[in-house]
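One structure below.
The values are calculated or read from the model by the stated rules, or taken from the named source; none is laboratory data. In this text, all values refer to a predicted model and were calculated from it rather than measured experimentally. A quick note on method: Cβ atoms are made from the backbone with ideal geometry, for glycine too, and the neighbour counts reach across all protein chains shown. We work out accessible area using only protein heavy atoms, side chains counted, and drop any ligands, DNA or RNA first. Shrake-Rupley method; radii C 1.70, N 1.55, O 1.52, S 1.80 Å.
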Amino acid sequence: MPPSNPIPTSMRAAHFTSPPTTQISQTAPVPTIQNSGIYTFIRVLSTSLNPVDYKFASLPQPFPRLAIGSAPITPGIDFVGRAWKTTHPDLKAGDLCWGKHNGPTKHGTCADYTLHTGKDGIAKVPEGYMALLEQGRSLAELGGVGVAGMTALQALMMGDLPYNRSGGAERGGKVFINGGSGGTGTFAVQMAKHGFGCETVVASCSGSNAELVRSLGADEVVDYRSTNVVDGLKEWSRRNGGQQFDIIVDMAGMDPYVYWQAHHYLKRDGGKYVMVGAGTGIKDVVLLTKLMMWPGVLGGGKRPFQLFMLSGTTKEQWNLFGKWMVEGKLKTVIEDENRFDLADIDKAFEKLKTGRTRGKIVVKVAEDGH
Ligand SMILES: NC(=O)c1ccc[n+]([C@@H]2O[C@H](COP(=O)([O-])OP(=O)(O)OC[C@H]3O[C@@H](n4cnc5c(N)ncnc54)[C@H](OP(=O)(O)O)[C@@H]3O)[C@@H](O)[C@H]2O)c1
């Protein structure tokens with residue numbers, strides 16, 4: 001078992017060649033453990049992919065090199081695994097842990113081992129979760145939470161929702177999730193309905209995913225392929241007594257009119273537009289600048305706009321997420337076609353890049369105990 005095992009000298013790891021293309025090295029160097037500070041050296045069991053994994057590494061140099069380091073770069077932020085060696089105050093060697101790195105890192109999680117540093121962003125697997133394995137839940141679900149799950153949580157925490165105002169005591173409020181069927185959206189829909197206890201959750205997705213999104217907790221679905229989202233929301237607003245949403249969380253990004261027209265469906269007092277899915281290309285940055293700067297009197301936005309950046313994740317956030325998972329309020333949506341082995345990491349990235357994934361893409365690295 002891990003505690004008595006020495007740190008290996010080499011390992012299997014995916015290395016970006018030309019992101020998102022990778023090659024697997026069987027003899028990659030393992031991350032070097034510092035002698036001081038809080039760290040956890042982890043035997044990775046499962047990870048999941050997020051658009052940021054390749055988007056960031058694909059930026060022109062020198063940005064990726066300055067932020068992540070020089071080649072070879074192993075992708076992957078999310079993980080579930082065994083703490084092999086740790087100085088974390090809440091963990092001991094051999095514990096199962098889950099979490100995420102702070103961002104893209106040189107020794108990511110698409111590898112046999114990864115090194116997590118710091119106190120935040122890692123926790124013991126939720127109490128009570130192991131008992132669920134016999135009921136069809138999996139450790140891979142925990143490895144699929146990371147960036148997407150914590151983004152959904154932190155974004156919804158920005159809303160003027162009864163749950164947030166009352167420290168979790170009250171339920172209610174109305175939420176629109178733009179893009180409810182992807183990795184982040186599937187968490188956001190479930191969380192809004194079953195965690196934050198919102199009275200109404202409306203979400204957009206392709207018509208073919210409407211049933212899935214409804215099954216996760218959406219009361220209404222706008223099929224963005226057959227209906228203009230702004231028209232769909234105005235219509236919803238007409239039927240529901242005016243500007244009603246407390247928060248709009250936008251995973252899809254780049255239709256500026258969803259924000260510019262938000263005064264038709266977002267509450268005047270306390271309503272907030274949270275932009276999660278803004279792109280990173282030059283065109284995206286230009287559009288985002290226009291989206292934020294265009295004056296309200298000339299047809300621009302008239303409600304508060306917040307550009308979301310996932311920040312450090314606290315122990316309390318992981319505990320809350322884990323509790324909701326154990327209570328059955330949240331699951332990671334993983335379809336069979338979105339399960340990959342580390343050896344097939346390129347296929348997993350190809351799937352991610354289509355932008356059409358239902359739920360999460362997970363990558364199995366090892367069986368527990370191996
Ligand atoms: N700012 C941050 O800190 C942060 C954190 C996490 C994620 N993000 C960003 O948020 C976005 C979503 O991330 P993700 O992990 O959920 O990605 P993902 O899993 O790849 O999302 C795929 C989903 O996007 C949906 N989609 C695509 N175009 C859409 C549109 N016009 N309207 C509604 N839905 C649309 C697709 O729905 P259908 O298949 O149903 O069409 C698909 O299910 C990405 O751009 C990502 O980079 C940012």
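Solvent-accessible surface of protein heavy atoms, probed at 1.4 angstrom with all chains present, puts Val44, Val285, Val221, Val297 in the order Val297, Val285, Val221, Val44, largest first. The modelled label-to-label distance between Ser36 and Lys106, using points 7 Å beyond Cα along the C-beta direction, is 2.0 nm. Annotation: extensible slack from Leu66 through Thr21 equals 14.2 nm (criterion: 0.36 nm per residue apart, minus Cα-Cα distance).
The 1.4 Å probe gives accessible areas that order Thr314, Thr21, largest first, as Thr21, Thr314.
Computed over protein heavy atoms with a 1.4 Å probe, the carbon and sulfur contribution to the accessible area of the stretch 1-153 reaches 54%.
Of all DSSP bridge pairs formed entirely within the stretch 96-246, close to 25 percent run antiparallel.
Could you put Glu211, Glu350 in order of accessible surface area, largest first, with the 1.4 Å probe and the full protein assembly present? Intermediate values should be presented prior to the final figure.
Numbers: Glu211 150, Glu350 130 Å².
So the residues, ranked largest to smallest area, are Glu211, Glu350.
How much area per residue is accessible in the chain when the probe is 1.4 Å and only protein heavy atoms are counted (Å²)? Working shown, then result.
Numbers: 16000 Å² over 370 residues.
I get 43 Å² per residue for the chain.
Length gained on full extension, Glu316 to Leu298: 2.2 nm, using 0.36 nm per residue less the C-alpha separation.
Among Thr357, Ser70, Ala169, which residue has its Cα furthest toward the positive end of the charge dipole of the chain, with +1 on Lys/Arg Cβ and -1 on Asp/Glu Cβ? Of the listed residues, the answer is Ser70. Ignoring lysines fewer than eight residues from Lys85 along the same chain, the ones with Cα atoms less than 20 angstrom from its Cα are Lys100, Lys106, Lys119, Lys124, Lys315.
If you count Lys pairs in the stretch 148-307 whose Cα atoms are under 23 Å apart, skipping same-chain pairs closer than 8 places in sequence, the total is 17.
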